[in-house]
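Read the structure below first, then the notes.
The values are calculated or read from the model by the stated rules, or taken from the named source; none is laboratory data. Small disclaimer: the values here were computed from a predicted structure and weren't measured. Counting neighbours? That spans all protein chains shown, and the Cβs are built from the backbone with ideal geometry, glycine included. To get the accessible areas, we keep the full protein, side chains included, count just its heavy atoms, and leave off ligands, DNA and RNA. Shrake-Rupley method; radii C 1.70, N 1.55, O 1.52, S 1.80 Å.
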Amino acid sequence: MTLDHAAIAGQPDGSDLDNRRITVRCPADGQVVGEVEALGADEVAVVCDQLRAAQPAWEALGPRGRSAHLLRWLDWLLDNERRLLTLVQRETGKSWADASLEMSVAVDVINYFTSNAETFLQDRNVKPAGPANAVRRLRVQARPYPLVGLITPWNGPLAGPMMDVVGALVAGAAVVSKPSEVTPLTWREVVRGWREEIGAPPVLAAVTGGGATGQAVVDTVDMVMFTGSVRTGRAIAVRCAQRLIPCSLELGGKDAMIVLADADLERAAKAAVWGAMTNSGQACISVERVYVESPVYDRFVELVTDQVAALRQGTDAPGSYTTDIGAMVTGAQLDIVADHVADAVANGARVLTGGQRAEGNCFQPTVLVDVDHSMRCMREETFGPTLPIMRVADEDEAIALANDSEYGLSSSLWTSDRARADRLSRRIEAGSVSVNNALVATFQLPIPMGGWKSSGMGARFGGAHGVLKYCRQQSVVEEKFSLKSEPLWYPVVPAKSRFMSRAVRFLGAHDWRRKLGLRGRD
Ligand code: NAD
């Protein structure tokens, strides 16, 4: 079947915006799933004005009042779970199992941030520094950026925006979200639920469109939370620098898995397969390359290959859970995966299973061996169901190869020696390290998830940070006593000023000669 993927993703650079409609097709069968409008900059500006007008009342509700709306939203999401996940599946071609994971992310994130909102946003009372300030009370309070722009990619139409929108709303910000033009339907519906079904304040909107709509968001908001490619992230960072607004960037990855000879090999092999294949490899933190110590390499490859060959592929019926992995979301991504495999094979790699395109916009789950760092599959983000495995002599070679990458998002280390894991984790250049598991370090809401090197700037989650990143710190200094005047205020009086100067010296110096001015007063 030939699919019209240009119709799915026609607007990445805004060049196609004369045609104001974006047709969304299911990548698995090419059927039209829906249509959205590509909004222009003027329309984005109108939406943003409305959000700004509603934001002060939202902030005034306080964390508890805001959380109540988010929890009603959660109820609505669960009441509509099957319908929403069917939409996720239709616009992505995912397996039902992969689509279902998106709801669990939404549930976890909403519950975590609402139950901790008051603690995270508490004013911070601080002890003053220096004797002259003893008469003051110091407080730091978190005040939200009025309008946060949230721009997301196509690999998780529900989970992607949900990971960040909750922290921003809990913080008291209004949010204009721009889902991917490839998969805008689920998020548009989820935002409609917020506005029309649960009657929450109009502080959340979805603006649909391609790159030009995203640019209009960046040009209008007070802070940008972006998830997507390095290329777009860099362009957004430049624009944000010009506007002097902050941005937080979650970008691509090329995550390494290191399997040492003392690892539980069966567990490591199962994790490698799941970590590389979940969501058909279309996850920023998926296992993209594996380095295995020589003594266990052959056995590891054998275990992995058997399991990958047994994976069931295709877009199964809603609720059926009958396939392991589904389609690629776009034709363009399918081409990248096929190119990486072809490049590896042309340069001497062997395909042990898979290696071909398959029906329904799929790429067969693939194991590659005899790979090296001259190949694209070991250097560039593949974002597909491939697992290249490389033999290494020892841990030093594994670490050197893992770090030989422009990316540094996540990683995993496999060993039964805790001290060794601790030591090696400190040598890996990546924002997170899972020890004896894959991907899990990314979804621990109390700790930060952020990329090093080209994988990003800033982090999401991280306990209070996941809310405070959407806030500006405001320092409030209050006088304990109201005197008629202060020693520093005008007029300058010689006696008063000399006394002040002596007092500073007496209280600030560390030895009696200096305190009493017997030294250094010239
Ligand atoms: P993309 O960068 O092409 O698009 C992402 C979003 O940015 C889309 O909504 C798009 O319309 C918008 N956009 C495009 N140009 C823009 C511009 N100039 N200004 C503002 N917005 C613009 O990425 P993609 O292809 O949709 O997603 C795949 C990428 O996302 C992969 O690299 C993947 O690793 C990454 N990703 C990262 C994470 C993470 O948390 N680190 C999570 C998921 C995906």
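State which residue pairs qualify: first residue among the charged types (D, E, K, R) and inside the range 354-367, second residue open to solvent by less than 30 Å² (accessible area, probe 1.4 Å) in any location, beta carbons under 7 Å apart, and separation of 6 or more residues or different chains.
Arg357/Leu334; Arg357/Ala338; Arg357/Phe363
Consider the range 374-415. How many of its residues are small (Gly, Ala, Ser) and open to solvent by 30 Å² or more (accessible area, probe 1.4 Å)?
3
Output yes when any residue across the range 265-278 is near the ligand (Cβ under 10 Å from one of its atoms), over 21 Å from Ala41 (Cβ atoms), open to solvent by less than 30 Å² (accessible area, probe 1.4 Å) and not hydroxyl-bearing (Ser, Thr, Tyr), and no when none is.
no
From the list Ala419, Ala464, which one is out of contact with any helix residue (DSSP H, G or I) (no Cβ under 7 Å at 6 or more places or on another chain) and at pLDDT 95 or above?
Ala419
Can you tell me which residue among Val182, Val217 is farther than 30 Å from Gly314 by Cβ and either surrounded by 24 or more Cβ atoms within 10 Å (Cβ to Cβ) or touching a His at 6+ places or on another chain (Cβ under 6 Å) (or both)?
Every option except Val217 fails the conditions.
Quick check, is Val126 more than 23 Å from Phe226 (Cα to Cα) and open to solvent by 50 Å² or more (accessible area, probe 1.4 Å)?
In short, yes.
Among the strands (runs of 3 or more DSSP E) lying completely within the range 343-438, list those that include at least 2 residues that are outside the structural domain of Gly314 (by TED's automatic domain parsing) and out of contact with any Ser or Thr (no Cβ under 8 Å at 6 or more places or on another chain).
none
For Glu196, work out the one condition from (1) closer than 23 Å to Leu87 by Cα; (2) within 12 Å of the ligand (Cβ to nearest atom); (3) surrounded by fewer than 24 Cβ atoms within 10 Å (Cβ to Cβ); (4) without any contact (Cβ under 8 Å) to a residue 60 or more places away in the chain it doesn't fulfil.
Looking at each condition in turn, Glu196 falls short on (2).
Of (1) more than 19 Å from Ala205 (Cβ to Cβ); (2) in contact (Cβ under 8 Å) with a residue 40 or more places away in the chain, Trp58 satisfies all except one. Which?
(1) is the only condition that Trp58 fails.
With Asp29, Asp42, Asp4 as the choices, which residue is at pLDDT below 95 and farther than 19 Å from Trp194 by Cα?
Being at pLDDT below 95 and farther than 19 Å from Trp194 by Cα holds for just one of Asp29, Asp42, Asp4, which is Asp4.
Just for the range 432-455: of the residues that are open to solvent by 20 Å² or more (accessible area, probe 1.4 Å) and in contact with a Leu (Cβ under 7 Å, 6 or more places away or on another chain), which one is nearest to the ligand (Cβ to nearest atom)?
Residue satisfying both the conditions and the ranking: Ser454.
Could you tell me which of the residues Lys453, Lys484 is under 30 Å from Val292 (Cβ atoms) and charged (D, E, K, R)?
Within the list Lys453, Lys484, the selection yields Lys453.
What pairs come out if I take residues in the range 150-166 that are in the same structural domain as Gly193 (by TED's automatic domain parsing) and pair them with residues that are assigned to a strand (DSSP E or B) and more than 10 Å from the ligand (Cβ to nearest atom) whose C-beta lies under 6 Å away, six or more apart or interchain?
From the range 150-166, the pairs are Leu150/Val175; Leu150/Met225; Asp164/Met225; Val165/Val175.
Could you check the range 210-237 and list, in sequence order, the residues that are in contact with a helix residue (DSSP H, G or I) (Cβ under 8 Å, 6 or more places away or on another chain), more than 6 Å from the ligand (Cβ to nearest atom) and not in a strand (DSSP E or B)?
Ala212, Thr213, Ala216, Val217, Asp219, Thr220, Val221
All but one of (1) part of a helix (DSSP H, G or I); (2) within 26 Å of the chain's Cα centre (by Cα); (3) buried (at least 20 other Cβ atoms within 10 Å of the Cβ) hold for Arg289; which doesn't?
(1)
Can you pull out the strands (runs of 3 or more DSSP E) entirely within the range 102-166 that have at least 3 residues that are more than 15 Å from the ligand (Cβ to nearest atom) and of a type in the set (A, V, I, L, M)?
Where strands (runs of 3 or more DSSP E) fall fully within the range 102-166 and carry at least 3 residues being more than 15 Å from the ligand (Cβ to nearest atom) and of a type in the set (A, V, I, L, M), they are 136-144.
Of the numbered conditions (1) within 14 Å of the ligand (Cβ to nearest atom); (2) open to solvent by less than 20 Å² (accessible area, probe 1.4 Å); (3) assigned by TED's automatic domain parsing to the domain that holds Val392; (4) at negative phi, Cys240 satisfies every one except a single condition; which is it?
Cys240 satisfies all of (1) within 14 Å of the ligand (Cβ to nearest atom); (2) open to solvent by less than 20 Å² (accessible area, probe 1.4 Å); (3) assigned by TED's automatic domain parsing to the domain that holds Val392; (4) at negative phi except (3).
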